[in-house]
Amino acid sequence: MLQFLLRRTFGAVVILLLLSAFTFFVFFGAGDPAAMSCGKNCTADNIALIHQNLGLDKPLTTQYWDWLVGIFAGRDYSIGHCSAPCFGYSFATKQDVWSTLIDRLPTTASLAIGGAAVFLTVGLATGLLAAYKRGSMLDKVLTSISMVLSSAQIYILGPIALGLFVYSGLMDSPKYVDFTSDPAGWFMGLLIPWIVMATIFTAQYTRMSRSTMIEQLQEEHVRTAKAKGMSSSYVFLRYAWRGSLIPIVTILGMDLSSLFGGAMITEFTFQLAGVGRLAIDSVLTLDLPMVLGVLVFSAALILVFNIIVDATYAFIDPRVRLS
């Protein structure tokens with residue numbers, strides 16, 4: 001297991017280096033970042049000063065090396081020292097990129113964790129119930145509903161939910177409130193996004209948990225357990241359910257990594273100031289340091305979640321061996 005984790009970690013670091021290098025050379029080599037940072041009515045002297053202050057007068061390879069070293073050791077700019085991990089300063093807000101990411105992360109984390117808790121609980125329970133009652137009217141109803149809802153999108157259900165709950169006066173507009181200061185406000189502020197996310201993702205997990213559970217019920221070890229006289233409910237939960245979790249954990253890992261990396265559509269629909277909304281705003285304002293920071297940060301989260309998911313396989317199913 002340790003060798004596997006070390007190998008996957010080394011591979012993740014290599015991917016991050018290649019991704020950051022490619023993105024850096026594309027962003028900072030395609031145009032003049034100083035002109036983007038300077039804004040309107042910018043003179044040639046101002047651009048030259050920005051080149052000097054940001055180190056843009058150096059070769060592009062040197063600029064990337066300075067940026068990479070700054071992540072681990074910090075970096076000095078004309079507007080002050082950027083402590084490690086330093087991803088540079090935003091062109092738009094003049095704030096360091098890392099601090100902005102950390103400020104936005106609680107909103108995205110609350111949205112991802114809360115939504116995952118809802119849709120995973122409801123989706124697994126509904127899927128297991130449909131598999132247990134396979135062929136019954138209940139199974140057909142749950143399967144039909146999940147197929148319809150799985151085709152829905154957040155940008156469609158979001159405005160509908162806002163119209164039903166917010167514009168009608170039943171609830172306040174979604175917003176993020178610090179959990180430590182007001183747990184009730186935190187819950188109510190994110191309830192509508194959670195409901196919308198649960199509506200869409202629950203359908204996916206219902207269908208997947210049902211299909212994987214039915215497949216597991218046909219496995220030899222499950223039939224052997226039934227032949228030994230074990231009850232159907234015990235075999236269902238003790239043997240079949242455990243094996244059906246592997247594809248579900250895979251999808252959950254990808255969903256969580258994308259949500260943590262920045263649920264752009266969800267945050268934009270409900271006007272939540274998270275990492276996803278930060279990415280959209282940075283692209284619209286051509287804020288290259290912020291775009292680069294969000295991209296590397298999101299990629300790192302995705303790789304970390306993938307490593308966690310792969311390592312979890314061995315604990316879920318003893319047949320899985322990580323060599």
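The values are calculated or read from the model by the stated rules, or taken from the named source; none is laboratory data. Remember, it's a predicted structure, so these values are computed and weren't measured experimentally. Cβ sites come from the backbone with ideal geometry, for glycine too, and all protein chains shown count toward neighbours. Each accessible area value is taken on the protein alone, full model and side chains, heavy atoms only, with ligands, DNA and RNA left out. Shrake-Rupley method; radii C 1.70, N 1.55, O 1.52, S 1.80 Å.
For segment 227-239, a residue qualifies if it is of a type in the set (A, V, I, L, M) and exposed (fewer than 13 other Cβ atoms within 10 Å of the Cβ), and exactly one does: Ala227. Cβ-Cβ contacts under 8 Å between residues 6 or more apart (or on different chains), taken from a first residue in segment 47-69 that is under 16 Å from Cys86 (Cα atoms) and without any contact (Cβ under 8 Å) to a residue 40 or more places away in the chain to a second residue that is of a type in the set (S, T, N, Q) and surrounded by 13 or more Cβ atoms within 10 Å (Cβ to Cβ), are listed as Leu54/Ser37; Gly55/Gln63.
Every residue, every condition in (1) over 30 Å from Leu295 (Cβ atoms); (2) touching a Leu at 6+ places or on another chain (Cβ under 9 Å), yes or no:
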| site | (1), (2) |
| --- | --- |
| Asp96 | no, no |
| Leu101 | no, yes |
| Leu105 | no, no |
| Ala112 | no, yes |
| Val118 | no, no |
| Thr126 | yes, yes |
| Ala130 | yes, yes |
| Gly135 | yes, no |
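Going by the structure shown, is Ala131 out of contact with any strand residue (DSSP E or B) (no Cβ under 8 Å at 6 or more places or on another chain), open to solvent by less than 60 Å² (accessible area, probe 1.4 Å), in a helix (DSSP H, G or I) and farther than 20 Å from Ser258 by Cα? Yes. The requirement of being in contact with a Leu (Cβ under 8 Å, 6 or more places away or on another chain) and not charged (D, E, K, R) is fulfilled somewhere in segment 138-158, by at least one residue.
Scanning segment 240-280 for residues being of a type in the set (Lys, Arg), surrounded by fewer than 21 Cβ atoms within 10 Å (Cβ to Cβ) and within 13 Å of the chain's Cα centre (by Cα) gives a total of 0. If the condition is being touching a strand residue (DSSP E or B) at 6+ places or on another chain (Cβ under 8 Å) and β-branched (Val, Ile, Thr), then segment 47-91 contributes Val69, Ile79. Of the helices (runs of 4 or more DSSP H) lying entirely inside segment 6-123, those carrying at least 1 residues that are at pLDDT 85 or above are 60-73. Among the residues making up segment 163-178, those that are closer than 18 Å to Thr108 by Cβ and surrounded by 15 or more Cβ atoms within 10 Å (Cβ to Cβ) are Pro174, Lys175, Tyr176, Val177. Which residue is farthest from Gly276 (Cα to Cα), if the candidates are limited to segment 93-109 and must be open to solvent by 70 Å² or more (accessible area, probe 1.4 Å) and of a type in the set (D, E, K, R)? My answer is Lys94. Checking Ala84, Ala117 one by one, the residue that is aliphatic (A, V, I, L, M), surrounded by fewer than 19 Cβ atoms within 10 Å (Cβ to Cβ) and either in contact (Cβ under 8 Å) with a residue 60 or more places away in the chain or in contact with a Gly (Cβ under 6 Å, 6 or more places away or on another chain) (or both) is Ala84 and no other.
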